[in-house]
1. Could you tell me whether the range 451-509 comes out rounded, prolate or oblate from its Cα gyration tensor? Rule is a ≥ b ≥ c as square roots of the eigenvalues, rounded for a/c under 1.5, then prolate if a/b exceeds b/c, otherwise oblate.
2. How high is the relative contact order of the chain, given as a whole-number percent (alpha carbon pairs under 8 Å, six or more residues apart)?
3. Roughly what angle does helix 451-464 make with the longest principal axis of the chain, taking Cα atoms, 0 to 90 degrees, to the nearest 10?
4. Over the range 28-313, what relative contact order in percent results from Cα pairs under 8 Å that are six or more residues apart?
5. Compactness ratio of the range 36-161: Cα Rg over 2.2 N^0.38 Å, N = residue count?
6. Quick one: helix 413-425 against the long Cα principal axis of the chain, what's the angle to the nearest 10°, folded into 0 to 90?
7. What is the Cα centroid distance between the range 123-198 and the range 34-95, reported in whole angstrom?
8. Given the -39500 (n - 2.57) contribution per DSSP H run of 4+ residues, what per-residue ellipticity at 222 nm results for the chain, rounded to the nearest 500 deg cm²/dmol?
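Nothing in this text is a laboratory measurement; each read-out follows from the coordinates by a stated rule. What you are looking at is a predicted structure, and each value in this text was computed from that prediction instead of being measured.
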């Protein structure tokens, strides 16, 4: 009797998200304000290093702490990053822009004002396209127009704590003066799924540009939403720290406003700012109670004056939409879903390109192998280990060795899957050549097929799967022959080609 136990599956189903349906007669209109921390080496107006995991108040300068007599000096790297974002978003870059002071008093803002670009921002206009390959809920091209993009400084961080039953707050100034860009869209969003898609696409865009990590959870990106129903008063939703909180807050606020409209209390939908407490939106302040920021030009910062033609001189990497087109065409020929998985993970994308070069370009391996193995087999292995993708665990050269062995028919795909999982579980074997491992673990492909062994395996499978055999013979489950082939492959440890088993099974079953 031949037995071999397969210990893992190599792929997992992807759950489809249901598109959220809006209530007929109640039109949703939304706009976004997205603050993105620029991943520069130094802060916006000082030489303090940017750091997100350091001891509180260990990365601050005299200017960050607002000591008297200190003055701001613009970091040119922050300006370069901001300009790249503007070009990628198809915005018009203004050759003349200025800084302003936005006055308010709070513990995490020691200056008593925030330096921003209120009157003359560095970029205006622009757009980002939502396309069907971005999200299954997008059925055609949807253009989200951009109002403006401005450079500003981040604030400090308040840490609330309690000591001896007394509540108080501590201030960490490490985040103070980290460069931000604030991107404001037009109110072009009509569904929550469009907003979800836009946030994801914008995150991916800034990551490809190398200007921001795009992480909402760490505060590197923060989202505010402006929402109205049937063109009524606009409500601003602030302090939304995750994509799910953005979507849930929008859904709640949409229904809240509809409830007021249906009850005849339309006048109660007022222009206000609301927050999200995890289950509902709560009022923070009304228009009447809004702060008067007393904007004024910053007298200590000169205007930013750029050369004409600055847009043409900016060099950008390949952006996600361009990469999607490239991956779906020759020589890669990936499906929309597989290309999307790669484009949304830069480490995985770079790994795939390197693997394609090593296998297909240099060693004439079948072009579909790299994509199938990276996206389905390799990622499936990481999922089983419950760890994030790490290109150093199975490096490109080791996986290329394995794919070349498959292409040269030195090992079957089934046996190669087992070997890959073994290598992920036993990193010590990674130092050994693949052909040596194939030989040591007896995973080599059978060069001379033993007909007696084939017959023994088939008879065992037919005996064990007698109910399915009867259904096939009766003509009810002809497609189940593939299942029987899989059982035969399992027992042969993948050393015998599946078409050999399929031909023999069809003969025995009279198909």
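1. It is prolate, given that a/c is not under 1.5 and a/b is the larger ratio.
2. Details: 831 pairs, mean separation 77.3, N = 511.
This gives 15 percent for the chain.
3. That works out to roughly 70 degrees.
4. 24
5. Normalised Cα radius of gyration, the range 36-161: 1.28.
6. 50
7. Distance between centres, Cα-based: 17 Å.
8. On the way: 16 runs with 172 residues, N = 511.
Computed ellipticity for the chain at 222 nm equals -10000 deg cm²/dmol.
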